[in-house]
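Structure, as structure tokens:
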Amino acid sequence: MTITTDAPSVAADTYAKARLGLFIDGEWRAGADGRTFDVRNPATDEVIGQVPRAEASDLDDALAAAERAFPLWRDTSAFEKSRILMKTVALLRERASEIGTLMAIEQGKPLKDAVMEVVRVSGTLEWCAQETRRLYGRIIPTDVDSQLTVRYEPVGVVGAIVPWNFPAGSPMRKMSAAIAAGCALVIKASQEVPATVCALAQAFHDAGLPAGVLNLVFGRGAETAEHLIASPVTRLIAFTGSVPVGKELGARAGALMKPTIMELGGHAPVVVAADADPIVAARRTSAAKWANAGQVCTSPSRILVHESIAEEFIAEMVRQAAALKVGDPLAEGTTMGPLINEKRVEATEHLVNDAVAHGATIAFGGERLTGEGRNDAGYYYAPTILTGVPLDAEVMSEEPFGPVAPITTFTDLDEALRIANSLPFGLAAYGFTESASTADILARGFEAGILSINHCGGSVTEAPSGGVKESGLGRESGPEGVQAYLITKRVSHKLR
């Protein structure tokens, strides 16, 4: 299997026009000491830009700007907040193609998917813009000469940290909810995909968001996170990333009694019951598995199929993988792009090799890809299907975060659920069945915060998402996502 590299060689020229910088107190700037991170195109391994690296003084400036802006934004009317956010929504939709192109270049997902991600985040912001006008308190019946009320108020300045795999989606889930709730924030985004989030920040600014409400920085992960957590300015830490890092940041925040929102990793099981349609199940599992080259925290990553329909299921999975067009994200018709960096390719190779060493069979893929006649084609790995994967293979306990679909069979549904729930993770889970009774068993039995039956749906704007066990704390999206940035205040007023 080879990759297509027939896209026009415009990536570097296009990216050179992107705005890359720190956005602090309503202004774009370089870092205090002039240091930068290289930005690479994962399709070519070419350095296409540099983004400033924030040092301690830059972080302090951002925190001070957020602290100054918070009272102003908190006291801005809900109608005005909503108006500014809705104007940002309009700008994002106008600029979706432009922003999506930058995302495809720097992150590697196909252009069509990248543009759709920008469209989706505009919907996320639209929901929050409307929700900011619905943050009602309540009056509680009490004595005739007293009034007892509950009020919701923004928590204050938020420190947020987001990863690279959804360059628009991950930042916007933090930005939209926090800003709609009336908070100010300092967000540390990934230096691997800076142009997308810089474009989001510019849209907020162009829509009239007051200076200092949104501050964007790029920096060394651990040092930046520690600085944001330790600062007395921040009142809440919102993080999306790996379980080990989330535990470390959560412990540091807990020592200071700072609340956290933690969306951490998972290892999503798929249980395909005996009465499921194996073709439908395979097609829908495939669509989710190969999206973003498997670099999704809710990606189907442990596939358990009843032995009676396994042969049909696997055959259809292979057909779907073979139909993918792997290649340059800007090339016409590309359906799967490269991984983000060399580290992800090496991790994928290791998991595949380990599974084979434990007795698994490669039904499709299992190799690094290069372009025809080239050996410098970037970070591509073939969509890979493993069958007969034993439970002691690393891929069955370690989230692959790449284009690997490990499949094993089962005979008893209770045993399948036991295997599905055996890990300390509980972010997403998926089940396929034609029986209402079996669907109820799956819905009750899965230990996960996000569950989909007969499809592999991801997060949606209007409903909460989040994990259980070691997959996180709190919820994002839906009313709960905005509520997470509010504090509840009880007011007891003696009238006479």
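The values are calculated or read from the model by the stated rules, or taken from the named source; none is laboratory data. Model, not experiment: these values are computed from the prediction. All Cβ positions, glycine included, derive from the backbone under ideal geometry; neighbour counts span all protein chains shown.
What the table shows:
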quantity	calculated
Pick from segment 317-346, criterion of a type in the set (D, E, K, R) and touching a Ser or Thr at 6+ places or on another chain (Cβ under 8 Å), ranking: nearest to I279 (Cα to Cα)	K325
Given (1) β-branched (V, I, T); (2) over 27 Å from H350 (Cβ atoms); (3) buried (at least 23 other Cβ atoms within 10 Å of the Cβ), number of the condition I441 does not satisfy	(3)
Any chance G481 is at pLDDT 95 or above and over 25 Å from the mean Cα position of the chain (by Cα)	no
Segment 102-148 - residue that is closer than 11 Å to L92 by Cβ and touching a Leu at 6+ places or on another chain (Cβ under 9 Å) and, of those, surrounded by the fewest Cβ atoms within 10 Å (Cβ to Cβ)	V119
Selection from segment 442-478 of residues that are on the phi > 0 side of the Ramachandran plot and over 19 Å from the mean Cα position of the chain (by Cα)	N454
Verdict on L59 being touching a Ser or Thr at 6+ places or on another chain (Cβ under 7 Å) and more than 22 Å from K343 (Cβ to Cβ)	yes
From E480, E476, residue being farther than 30 Å from P141 by Cα and not small (G, A, S)	E476
Any hit, segment 269-285, residues being of a type outside the set (K, R) and closer than 30 Å to V157 by Cα	no
Test: E126 is charged (D, E, K, R) and either within 26 Å of the chain's Cα centre (by Cα) or not assigned by TED's automatic domain parsing to the domain that holds V193 (or both)	yes
Conditions (1) farther than 17 Å from A178 by Cα; (2) modelled with pLDDT of 95 or more; (3) within 27 Å of the chain's Cα centre (by Cα); number of the one not met by I3	(2)
Residues of segment 400-412 satisfying the condition of being crowded, with 23+ Cβ neighbours inside 10 Å and either under 22 Å from P163 (Cα atoms) or of a type in the set (S, T, Y) (or both)	P400, F401, G402, P403, V404
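Conditions (1) of a type in the set (V, I, T); (2) closer than 25 Å to E106 by Cβ; (3) within 19 Å of the chain's Cα centre (by Cα), marked per residue:
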residue: A181; (1), (2), (3): no, no, no
residue: E192; (1), (2), (3): no, yes, yes
residue: G212; (1), (2), (3): no, no, no
residue: R220; (1), (2), (3): no, yes, no
residue: A225; (1), (2), (3): no, yes, yes
residue: F239; (1), (2), (3): no, yes, yes
residue: G265; (1), (2), (3): no, yes, yes
